[in-house]
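For reference, the structure discussed in these notes is given below.
The values are calculated or read from the model by the stated rules, or taken from the named source; none is laboratory data. If you're wondering where the values come from, they're calculated on a predicted model, not measured in any experiment. For neighbour counting, all protein chains shown are included, and Cβ atoms are generated from backbone atoms with ideal geometry for every residue, glycine included.
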Amino acid sequence: MFVRVLLVTFLVTVLAWSILARGSEGAGSGSAYRVQSGDTLWSIAERHYGGDPRRAVWRLQRENGLGDGTLVPGQVLRLP
């Protein structure tokens, strides 16, 4: 009997958590940026994010699947 009560309590808790949990603010679609001539990941990160640009450069590379960071004018990047 105790095992059943414990199991039901656990399942109700998990169900309530899954219903009430919200996505983080970072889960949004972000915005788009069209690469201009002379842009680098570093310069884009400096303009669009505060603080140390190194973390933003890494996020831009990861979000856009950029292995070596080469940008082409007219390319559209998703800004996380």
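Residue by residue through the stretch 48-71, note down the ones that are surrounded by 12 or more Cβ atoms within 10 Å (Cβ to Cβ) and part of a helix (DSSP H, G or I).
Restricting attention to the stretch 48-71, the residues satisfying the condition of being surrounded by 12 or more Cβ atoms within 10 Å (Cβ to Cβ) are 48-49, 53, 56-61, 63-64, 66, 69, 71.
Within the stretch 48-71, His48, Pro53, Ala56, Val57, Trp58, Arg59, Leu60, Gln61, Glu63, Asn64 meet the criteria.
Looking at the stretch 31-39, is at least one residue charged (D, E, K, R), modelled with pLDDT under 95, exposed (fewer than 11 other Cβ atoms within 10 Å of the Cβ) and not in a loop (DSSP other than H, G, I, E, B)? No, the stretch 31-39 contains no residue that is charged (D, E, K, R), modelled with pLDDT under 95, exposed (fewer than 11 other Cβ atoms within 10 Å of the Cβ) and not in a loop (DSSP other than H, G, I, E, B).
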